[in-house]
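Heads up, the thing below is written out as structure tokens.
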């Protein structure tokens, strides 16, 4: 599914996607709010005295990580996990380490640890949920769907499983199915933040900004500050023509994650709509600097530049260059038609010569 829910445009054809965190998004890569708490205590070891040193080392690594000394803790885990004899305890620490890998962006390492934990303890629902979410973050939608569907047969009333399946359907482009599963998750746990977030995203995809705003509003009230939630609420408010509030949310999202191109692109679109073109252009340029593959930033800067260029051929050529790059990166973008109008060569009438 293309990340295509749109922030309102600043001119005919200028619409800017927000995107999910690889879903994501749905680039949905999972935020910290969705991760299991790192303070969980592991099960009692039954591996005998010969495993006591490994257990002590792993619990020392856990304590080190809980003090936010992540990398020293990971070094200790690398030597102690494989020495554990109790599979339940080993699976617990594999899952614990996988959660940490997710938080520091080592997604493939996280998937490796979650996969081992699930293989050793297939009846543990939380391990399966973590693996499914990690696959979604890597856009392995088919794997995630298969895992969540099989896990749902084991735990049909588990809100985390239902929410995960809803996210997987949303990321696969099945908005109606996604909403149904997310709704079931919220009936079981009305405070389930990922389900609120993703039901809000589904509403945005369907053009329903008011219910989307309500879901994001509740998620923000329940969760630690998260850039994506402020971004999504800002988009909903922009659609509801609440521009000042939308700008506040985009600014908050940028403060929480200054390296997010999609935050900058959406704020740029809003600033252009507010007739603040220099600031808008600066946001589009910053998004391109952070990620030169951000097609929406090229569309936004190119369309804005064309609007401001008037008859200045140099500025118009700069805008055309941006739009050509945008089309190369994303020829299916909703802004394509507006870009093509600007790129069309000017037709000239033939001059009749007098002899």
- Message: With modelled with pLDDT under 95 and touching a strand residue (DSSP E or B) at 6+ places or on another chain (Cβ under 8 Å) as the only criterion, which of 345, 350, 334 stands out?
- Response: 334
- Note on the structure: Of the conditions (1) out of contact with any helix residue (DSSP H, G or I) (no Cβ under 9 Å at 6 or more places or on another chain); (2) buried (at least 16 other Cβ atoms within 10 Å of the Cβ), the single one that residue 271 does not satisfy is (1)
- Has the stretch 302-321 got any residue that is outside any helix (DSSP H, G or I), over 20 Å from residue 243 (Cα atoms) and touching a helix residue (DSSP H, G or I) at 6+ places or on another chain (Cβ under 7 Å)? no
- Message: I'd like the full set of residues that are part of a helix (DSSP H, G or I) and either at positive phi or touching a helix residue (DSSP H, G or I) at 6+ places or on another chain (Cβ under 7 Å) (or both), limited to the stretch 325-347.
- Response: 325, 326, 327, 329, 336, 338, 339, 342, 343
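Which fully enclosed helices (runs of 4 or more DSSP H) of the stretch 173-236 have 1 or more residues being modelled with pLDDT of 95 or more and under 20 Å from residue 247 (Cα atoms)?
Working: elements: 175-188, 193-205, 209-222.
Hits in the stretch 173-236: 193-205, 209-222.
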- Query: Residues that are surrounded by fewer than 15 Cβ atoms within 10 Å (Cβ to Cβ): which helices (runs of 4 or more DSSP H) entirely in the stretch 55-171 hold 3 or more of them?
  - Reply: 70-80, 141-154
- Return a yes/no flag: does the stretch 278-285 have any residue that is more than 27 Å from the chain's Cα centre (by Cα), at pLDDT 95 or above and part of a helix (DSSP H, G or I). yes
- Pairs, please: C-beta under 8 Å, at least 6 apart or cross-chain, first residue at negative phi and in the stretch 238-256, second surrounded by fewer than 16 Cβ atoms within 10 Å (Cβ to Cβ) and in a helix (DSSP H, G or I)? 240/210
- Query: Applying the selection to the stretch 252-275, what residues are within 21 Å of residue 236 (Cβ to Cβ) and not in a helix (DSSP H, G or I)?
  - Reply: 257, 260, 274
- In the stretch 85-111, how many residues are modelled with pLDDT of 80 or more, over 27 Å from residue 140 (Cα atoms) and touching a helix residue (DSSP H, G or I) at 6+ places or on another chain (Cβ under 6 Å)? 1
- Note on the structure: Across (1) closer than 21 Å to residue 336 by Cβ; (2) assigned to a helix (DSSP H, G or I); (3) in contact with a helix residue (DSSP H, G or I) (Cβ under 7 Å, 6 or more places away or on another chain), residue 293 clears everything bar (2)
- Task: Test residue 308 against the criterion of being under 25 Å from residue 276 (Cβ atoms), crowded, with 18+ Cβ neighbours inside 10 Å and at pLDDT 90 or above, and give yes or no.
- Result: no
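The values are calculated or read from the model by the stated rules, or taken from the named source; none is laboratory data. Keep in mind that what you see is a predicted model, and the values were worked out from it rather than measured. Reconstructed Cβ throughout: ideal geometry from the backbone, glycine too, with neighbour counts over all protein chains shown.
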